[in-house]
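Asks: Next up is a structure, given as structure tokens.
The values are calculated or read from the model by the stated rules, or taken from the named source; none is laboratory data. Nothing here was measured: the structure is a model prediction, and the numbers come from that model. Virtual Cβ from ideal backbone geometry, glycine too; neighbours counted across all protein chains shown. These area figures cover heavy atoms from the full protein model, side chains too; ligands, DNA and RNA do not enter into them. Shrake-Rupley method; radii C 1.70, N 1.55, O 1.52, S 1.80 Å.
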Amino acid sequence: MNKKSFIALGLMAAMSLTILTGCGGSSNDSKASTAKKEDLVFVNYRDIRNLNPHLYAGEMYAQEMLYDGLVNITADGYEGALAESWTISDDGKVYTFKIRKGVKFSNGEICDANAILANFNAIIENKARHTWLEMMNLLVSVSAPDADTFVIELSKPYYPMLTELGVTRPFAMIAPSAMKNGSTKDGVNGYIGTGAYVLSKFETDKYAIFEANPNYWGKKPEIKTITVKVIPDNQTRILALEKGEIDLIFGKNMIDADAVNKYADNKKFKVALSEPTSTRQIVLNTNNGILVDDNVRKALQHATNKEAISQGIFYGIEKPADTLFAKTVPYCNIDLKPYNFDVAVAGNLLDTAGWTKAADGTREKNGQKLALNLLYNSDSVTEKSISEYLQSEYAKIGVNLKIEGQEEQSYRDNMKTGNFDMVFNICWGMPYDPQSSLSAMRAPVYGDYAAQLGLHDKKEIDEAITSILTSTNEEERQKLYAFVLTRLHDDAVYIPITYECNKALYRADLQGVGFTQSQYEVPFTDMHF
Amino acid sequence: MRNYIIKRVLGAIPLLICISFLCFVFINLIPSDPAEVALRVSQVPVITEEIIAETRAAMGLDKPYLVRYLDWVINCLHLDFGISYTNPDRTVGGELLRCLPATLVLAGASLVLVIFLSLPIGFFCAVYKDSWFDRITRGFIFMTTAMPAYWVGLLLMWLVSIKFDLLPTSGNGSWKHLILPAFTVSLTYISTYIRLIRNNMLENMKEDYVLYANVRGLPQKSILVKHILKNSLHTCIVAVGMSIPQLIAGTIVVENVFAWPGLGTLCITSIFNRDYPVIQTYVLLIGVLFVVFNLLFDIIQTIADPRLKNEVS
């Protein structure tokens, strides 16, 4: 081998490097495109999927962009969307909506009461899928007496009716011509809505492009084109933002606490955090031999240092939670005395319950060790960290906490069947709280039902929840909510940990980034550069 | 020779049946009810017993286990791999077909990089054994084999895309998007092949035929390239044969990091979403690829190597 060959090798290596790095002359295209003031590049961890507005397999932010419902839920209450106004009969059973005139679907089709009726008929055809909304069970009839009037009749009064009509799905309106023979349960022919945007291009797992809807009835958005890129990895999303390939990251689980902390005082990027959207909590199984005693449950409440969890694990981004629902949630601003972190009180409560410390530091009663298992979803690093922290903290008061991470489906199976002592849970969140979370406690669907079975007042609580949903009097409803929430708080069934919030990380020149009452909606129509 | 090929092909059939059975059994060993899982992953908010019963019937889960397996195998042979749980309007076959080209492009580009970089470097490492070039290369190999692909990917992204502003961070669409993921995937293989070629050449250099070639006064270049390198590549051919399915299967993490919409991203997404039909078919596909490539390269090597060919005959 001679020198020439060695030089050749050097050249080859240099060529390889050139291949790897030599295309720097041309700056990236996306940077140029995002520089236009009316374009926004958004990112999500998966693609938009099936945007049929009457089913649940699509991304909610995208469904919100394309479709409208009869009403919107705002911070100040309900606001007319496709319905300009409405009246409710004195008995609370008949809702009459005056449909907004001149609204057209993005394909030019008229959206009147008949189109809305066609949508309701398609939703009712697939009723079994929507019975999680109590109004579906109470629905007597829907009708369109004329093109401007739409009427819904219920068998009983039901106060969350407008909220259920206002959530993203299924009561979002698609053009009747996009339905398959008047039906949507087996798919649709196109995603044609009345919303602020239309879907103009979509490549599975790559990107989707939305353009402003020229027929939109509301205030025209300043951002005319929104490109949604698919980037599954958390770190890559942040690097893409730094590079200028995307403008906005938005969502509860799209940015971790480290990233929020890192960009908090950055000049190029801004961070926004919403009010609490939902509560991260631990559910205690009152049907369990040890936890049936409310003194033990209360001891665990006092032994949980939420402030330390909030600061240590979430850098203070998720605030410590004192109650099952935050005070900002409707009807939940009631006076409940939080269980303060106090190890001495926790110890005294366990002493009162007859659990005394043995030589190994673990408490015992009649030969039984005070050992509990805490179930968490093994996909969640956060839950694992909190579990490990609690394991060491509870050991200080003599509770032997065994932590168990399980694959998501078996975790959910165990939750449903009540096969746990303690389990992590997150409540439904805005705008489903508190009504949907409480309503679901009455049936064996999630862990709540099984966990509450050991409560002496379970029947009373369930009856009060039913009364809340059918009450027509605001004052009475507030009273009933106060009763249910106080009972659940006093029974110490839930250890509230922190309040989850929505997060946004975006380039500093993007204005109007905020949050709505729905945790899944991204308010693109308010944004501008 | 023909008999040998027929024998090998027929021998692969029981193996394929075993793979299909294992794929089916393992997915079905999961204690959760597939109907309920399908409903959960399609985000039905409250799952009642009635919807579960309806879904079970629709998915054919009320049939006996073996009947379901046979149905599944027959459907697979007709290229009908079922429906995705997460996206009920997409078929599993359609999803795999959609993602396969992107993965083949990435795996192909990586293979080209592996061959074009490892062959000359491995060759020069052997020729200049213990020189500074060899030492540096070995140190580099030692380092890169120990570095996990996702970390290398993120480091390259940070360095090349952010700091030097040379390439896009992620996505797919142009050849620029391909460079970083292909280099990340190939890095581990490059290290392996450099080592393989270097060691094989060093072994071969000690053989008698090299001594005779030297005695005959053949030029050094000819001995190194025509004899030593050629003889050292036999093992590499087998290794490349197994590396192709490995490259296709091994792009999982890198595809996810670089948002490359191939089979790996599909597999990771399906694992996170518990989209069992997709996972099952992906595992089956990779299993079949390993069997097929193993078979193919065994046959190629038998044909290429006169000693093996005589043995078979």
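Asks: Tell me yes or no: at least one residue of region B:286-294 is part of a helix (DSSP H, G or I) and either modelled with pLDDT under 85 or within 14 Å of chain A (Cβ to nearest Cβ) (or both).
Replies: Within region B:286-294, none of the residues are part of a helix (DSSP H, G or I) and either modelled with pLDDT under 85 or within 14 Å of chain A (Cβ to nearest Cβ) (or both).
Asks: Anything in region B:151-168 that is in contact (Cβ under 8 Å) with a residue 40 or more places away in the chain and facing another protein chain (nearest Cβ under 7 Å)? List them, or say none.
Replies: Listed by number, the residues that qualify are B:Leu154, B:Met157.
Asks: Checking the structure you have, find out if any residue of region B:80-91 is in contact (Cβ under 8 Å) with a residue 60 or more places away in the chain, in a loop (DSSP other than H, G, I, E, B) and of a type in the set (Phe, Trp, Tyr).
Replies: Yes, some residue in region B:80-91 is in contact (Cβ under 8 Å) with a residue 60 or more places away in the chain, in a loop (DSSP other than H, G, I, E, B) and of a type in the set (Phe, Trp, Tyr).
Asks: Moving on to the next point. Just to be sure, is B:Ala259 touching a strand residue (DSSP E or B) at 6+ places or on another chain (Cβ under 7 Å) and assigned by TED's automatic domain parsing to the domain that holds B:Met147?
Replies: yes
Asks: If you go through region A:325-342 one residue at a time, do you hit one that is open to solvent by 30 Å² or more (accessible area, probe 1.4 Å) and in a helix (DSSP H, G or I)?
Replies: No: zero hits.
Asks: On to the next question. So, in region A:427-456, how many residues would count as being surrounded by fewer than 20 Cβ atoms within 10 Å (Cβ to Cβ) and more than 12 Å from chain B (Cβ to nearest Cβ)?
Replies: Qualifying residue count, region A:427-456: 3.
Asks: Next question, about the same structure. Tally time: how many residues in region A:396-412 are open to solvent by 20 Å² or more (accessible area, probe 1.4 Å) and in a strand (DSSP E or B)?
Replies: Result for region A:396-412: 6.
Asks: Every residue in region A:264-311 that is open to solvent by 20 Å² or more (accessible area, probe 1.4 Å) and part of a loop (DSSP other than H, G, I, E, B), please.
Replies: Matches in region A:264-311: A:Ala264, A:Asp265, A:Asn266, A:Lys267, A:Lys268, A:Asn287, A:Asn288, A:Gly289, A:Val292, A:Asp293, A:Asn305.
Asks: Of everything in region A:179-190 that's away from chain B (no Cβ under 14 Å) and open to solvent by less than 30 Å² (accessible area, probe 1.4 Å), which residue is farthest from B:Ala58 (Cα to Cα)?
Replies: Within region A:179-190, the match that is farthest from B:Ala58 (Cα to Cα) is A:Met179.
Asks: Of everything in region B:112-124, what is open to solvent by less than 40 Å² (accessible area, probe 1.4 Å) and more than 10 Å from every other protein chain (Cβ to nearest Cβ)? Give them in sequence order.
Replies: B:Val114, B:Ser118, B:Gly122
Asks: Would you be able to tell me the number of residues in region A:115-140 that are open to solvent by 50 Å² or more (accessible area, probe 1.4 Å), of a type in the set (S, T, N, Q) and either within 14 Å of another protein chain (Cβ to nearest Cβ) or within 24 Å of A:Leu199 (Cα to Cα) (or both)?
Replies: So the count comes out to 1.
Asks: Continuing with this model, one more query. I need every pair where a residue in region B:289-310 that is closer than 11 Å to B:His234 by Cβ has its Cβ under 7 Å from the Cβ of a residue that is of a type in the set (Ser, Thr, Tyr) and surrounded by 14 or more Cβ atoms within 10 Å (Cβ to Cβ), sequence separation at least 6 or different chains.
Replies: B:Leu308/B:Thr302
Asks: Considering only region A:44-106, give the strands (runs of 3 or more DSSP E) lying wholly within it that have at least 1 residues that are of a type outside the set (A, V, I, L, M) and in contact with a Gly (Cβ under 8 Å, 6 or more places away or on another chain).
Replies: In region A:44-106, the matching strands (runs of 3 or more DSSP E) lie at A:71-74, A:77-80, A:83-88.
Asks: Please pick out the residue among B:Leu296, B:Leu284, B:Leu266 that is of a type in the set (A, V, I, L, M) and more than 23 Å from B:Ile13 (Cα to Cα).
Replies: Residue meeting the stated conditions: B:Leu266.
Asks: Something else now. Within region A:95-112, how many residues are without any contact (Cβ under 8 Å) to a residue 40 or more places away in the chain and open to solvent by 80 Å² or more (accessible area, probe 1.4 Å)?
Replies: 1
Asks: Take B:Val44 and tell me if it is open to solvent by less than 60 Å² (accessible area, probe 1.4 Å), part of a loop (DSSP other than H, G, I, E, B) and within 27 Å of A:Pro53 (Cβ to Cβ).
Replies: Spelling it out, B:Val44 is indeed open to solvent by less than 60 Å² (accessible area, probe 1.4 Å), part of a loop (DSSP other than H, G, I, E, B) and within 27 Å of A:Pro53 (Cβ to Cβ).
Asks: I'm trying to understand the selection: among the residues of region B:240-259, which are open to solvent by 30 Å² or more (accessible area, probe 1.4 Å) and within 22 Å of B:Leu296 (Cβ to Cβ)?
Replies: B:Val240, B:Met242, B:Ile244, B:Gln246, B:Gly250
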